[in-house]
2 protein chains.
Amino acid sequence: MVSLSKKTTRRGGRVSRSKKRTGGVTMDHVAREAGVSLMTVSRVMNNVPGVKASTRDSVMRAVKALGYSPNAAARSLARNGAGRIGLLYSNPSAGYLSQFLVGALDGAQTSGALLVIEKCDASLESEAAAIGRLIAGGMAGVILPAPHAESDSAIAALREAGVVAIAVGTGHARPDAHGVRMDDFAAAAEMTRHLIELGHRRIGFIKGAVNQTASVERLLGFETEIRRADPPADCLVEPGDFTYRSGFEAAERLLSSDHPPTAIFASNDDMAAGALAAAHRRGLDVPGDLSVAGFDDTPLATAVWPELTTIRQPVARMAEAALRLVLQESRDQSRRDSRAPIDQLLPHQLIVRASTGQVPDKS
Amino acid sequence: MVSLSKKTTRRGGRVSRSKKRTGGVTMDHVAREAGVSLMTVSRVMNNVPGVKASTRDSVMRAVKALGYSPNAAARSLARNGAGRIGLLYSNPSAGYLSQFLVGALDGAQTSGALLVIEKCDASLESEAAAIGRLIAGGMAGVILPAPHAESDSAIAALREAGVVAIAVGTGHARPDAHGVRMDDFAAAAEMTRHLIELGHRRIGFIKGAVNQTASVERLLGFETEIRRADPPADCLVEPGDFTYRSGFEAAERLLSSDHPPTAIFASNDDMAAGALAAAHRRGLDVPGDLSVAGFDDTPLATAVWPELTTIRQPVARMAEAALRLVLQESRDQSRRDSRAPIDQLLPHQLIVRASTGQVPDKS
DNA sequence: ATGAAAGCGCTAACAT
DNA sequence: ATGTTAGCGCTTTCAT
């Protein structure tokens, strides 16, 4: 009855050749290889403190040697449903989504969470229904990417049900939910500075959808930097709603003004692409005659020509962060429930590509 | 503590208030509610034949009443890895992907499969590595959306490992793997007919990436229909690679020819968007001066202006179908292994929007 | 610091 | 046609 007896016991002698090869190595194998108990391996895999360094090492070596990778399903089961995380989305068109899903899926795989992805359309009823399904499905937490992150009713419903909510991509921290986001204000300011440094002194701005707080922050960041420009700068602001078409139309208005801007900063890439089209239509060269900047760095940014100067929003990493956060919070929730929401800020990046350049000499 | 007696037994009295609320109802609850054994519930949930209709009914009623929904993790575990399905993707930019993921995820949820999503980049080594991970991870089957569906090496590796492979979106059936796809030839022909019916007699075509068989089928469908036109029609074919930029450039070439076409049919929406930009740049009105048609009906199709006439490829449903197929096949595989691959064809749809119109009178 | 035992929700094989 | 038993791979609680 030494180490091997256990093995014999496990599947019993019953099913003779039931080697269904589920993927092979389990913790058991690793444990035997490392000469420790299964529990120790579990502790190592979960970074639980009380393990001697040497033991941890030999376990890690065994893991490597056997190519062990934990089984998410088993983990989720053993953890008794903790780690069942919902994700609500509505706009499959956003270049955003696939990146976000990928990030979340990735995080789910590493952390052993079980992601349940729920879809709804733009209407409030549909959103409420989806939230209902998520709650009924027993989620420990729910991730809300924009625009659902702005939905008071969704977050209220979740709170009421005792489900942790994470708002992703809002313009500022929410008082009623944890959040993962970027600094839209600073990013917009940075882009504006980039344009100003290129010599632009008359810059058009295309706003995003008004119901998203991030839109406001982007505008504020832009305006603030315009006011700060040393040889003073001037700006024209047009409404938009994050769609290509609204960007096209806004750019048309901008370019047909008496004194058109030499640069256009759109609040997202879709609208920037629209602005690009408007410029081309007028026979303007980008960036020779007009600079165009976007925001988000979605796939579209490099799918258009010239490729867009834009702000890289770390969407995938935000999704991962959201996943980790919701997991952690749903675990802790039982203890101290009523504390201030966490607000996690991720770094963005200015990506200079081909759509922005020096201001044209004299105009 | 009435019907809860068993409940007490379950977690033992040990963990006093361990009501971690995993989502609530389990098969056990349903079984008790319906007055049958747990196994019967399992059989009903899995549509196993040998259950009396009346029993099945009462179980279903209990399921409804309690709002029961099966736990995918537990299922996957119990099935010992069967139902562990891999999905390989590489191009997160494709408007394709998020729809595909959503479809697959959806199917996974209903069928209780456990989707493992693996990423790789375009290189062959990276693909091989990803396939290796998937195999090592013990997948019962792997879904390969385009362009991986064209990879002989990937499919060979999978076969060798005894893992079921499903190729999605290829131009024709593969001899070495099951497939789910649409009729690219017929769809392209249909679009061409649409253009011809609008009076166009000189039509430009922008080809897709040469390494995808679907590209070839689309071209063939186009050419066939051109030849069939009654007042005879003429065509110009330009290469492309499915990117916006290649579409833009191809359209430039097309439009700068001595006798330019009155309509351009691009092999996908990205390239059609590029063609749109090229037209705008020349001050051409779409569809007044030039009609433009795309293919796929990705989100981009409605994000550009004018919105694209295109072919709707049922991506999400293809993903679902692929999931169902891989599940079924991986289950049956043990029995009869060596039979002809299944080839599943899904219906497409011609979507007429604003980018195509009557041929301009005289030119 | 480590191990043993029990059980997460479900399905497979084996009774009945 | 339905019930019983064992166990999927892991984490939990309780020893040691």
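The values are calculated or read from the model by the stated rules, or taken from the named source; none is laboratory data. Computed from a predicted structure; not experimentally measured. Positions of Cβ are generated from backbone atoms using ideal geometry, with glycine treated the same way; all protein chains shown enter the neighbour counts.
Residues are listed down the side, and each one gets a yes or a no for (1) of a type in the set (Lys, Arg); (2) in contact with a Leu (Cβ under 6 Å, 6 or more places away or on another chain); (3) outside any helix (DSSP H, G or I):
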site: B:181; (1), (2), (3): yes, no, yes
site: B:186; (1), (2), (3): no, no, no
site: B:189; (1), (2), (3): no, no, no
site: B:199; (1), (2), (3): no, no, yes
site: B:232; (1), (2), (3): no, no, yes
site: B:247; (1), (2), (3): no, no, no
site: B:253; (1), (2), (3): yes, no, no
inquiry  = For region B:133-153, which positions are among the hydrophobic types (A, V, I, L, M, F, W, C) and closer than 24 Å to residue B:76 by Cβ?
reply    = B:134, B:135, B:136, B:139, B:140, B:142, B:143, B:144
Hey, residue A:279 surrounded by fewer than 24 Cβ atoms within 10 Å (Cβ to Cβ) and either touching a helix residue (DSSP H, G or I) at 6+ places or on another chain (Cβ under 6 Å) or small (Gly, Ala, Ser) (or both) or not = no
ask   = What do you reckon, is residue B:185 touching a residue at least 60 places away in the same chain (Cβ under 8 Å) and of a type in the set (Phe, Trp, Tyr)?
value = no
note = Those residues of region B:45-61 which are at pLDDT 90 or above and within 25 Å of residue A:135 (Cα to Cα) amount to B:59, B:60, B:61
remark   = Scanning region A:282-308 for residues that are crowded, with 24+ Cβ neighbours inside 10 Å and more than 12 Å from chain B (Cβ to nearest Cβ) gives A:290, A:291, A:292, A:293, A:294, A:295, A:296
ask   = If you take the residues of region B:34-77 that are within 11 Å of chain A (Cβ to nearest Cβ) and more than 28 Å from the chain's Cα centre (by Cα), which of them is farthest from DNA strand D (Cβ to nearest atom)?
value = B:67
key: Top-ranked residue in region B:78-91 [being among the aliphatic types (A, V, I, L, M) and more than 10 Å from every other protein chain (Cβ to nearest Cβ); ranked as surrounded by the fewest Cβ atoms within 10 Å (Cβ to Cβ)]   = B:88
inquiry  = Any residue at all in region A:318-327 that's at pLDDT below 95 and out of contact with any helix residue (DSSP H, G or I) (no Cβ under 9 Å at 6 or more places or on another chain)?
reply    = yes
ask   = Does residue B:113 fit the bill of being buried (at least 20 other Cβ atoms within 10 Å of the Cβ) and either at pLDDT 85 or above or not hydroxyl-bearing (Ser, Thr, Tyr) (or both)?
value = yes
remark   = Picked from region B:20-43 (must be among the β-branched types (Val, Ile, Thr) and near DNA strand C (Cβ under 9 Å from one of its atoms)), the residue farthest from residue A:164 (Cα to Cα) is B:41
request  = Inspect all residues belonging to region B:158-171 and state whether any of them is outside any helix (DSSP H, G or I) and of a type in the set (D, E, K, R).
outcome  = no
Hits in region A:309-318 (condition: surrounded by 24 or more Cβ atoms within 10 Å (Cβ to Cβ) and out of contact with any Phe, Trp or Tyr (no Cβ under 9 Å at 6 or more places or on another chain)) = A:309
note = For region B:63-82, the count of residues that are among the aliphatic types (A, V, I, L, M) and more than 12 Å from DNA strand C (Cβ to nearest atom) equals 1
message = Is it the case, given these coordinates, that residue B:94 is within 12 Å of DNA strand C (Cβ to nearest atom), within 11 Å of chain A (Cβ to nearest Cβ), in contact (Cβ under 8 Å) with a residue 12 or more places away in the chain and among the small types (Gly, Ala, Ser)?
response = no
Sole exception among (1) of a type outside the set (D, E, K, R); (2) surrounded by fewer than 19 Cβ atoms within 10 Å (Cβ to Cβ); (3) part of a helix (DSSP H, G or I); (4) away from every other protein chain (no Cβ under 12 Å) for residue A:149, by number = (2)
ask   = What tally of residues in region A:99-147 results from selecting those that are hydroxyl-bearing (Ser, Thr, Tyr), over 18 Å from residue A:164 (Cα atoms) and under 20 Å from the mean Cα position of the chain (by Cα)?
value = 1
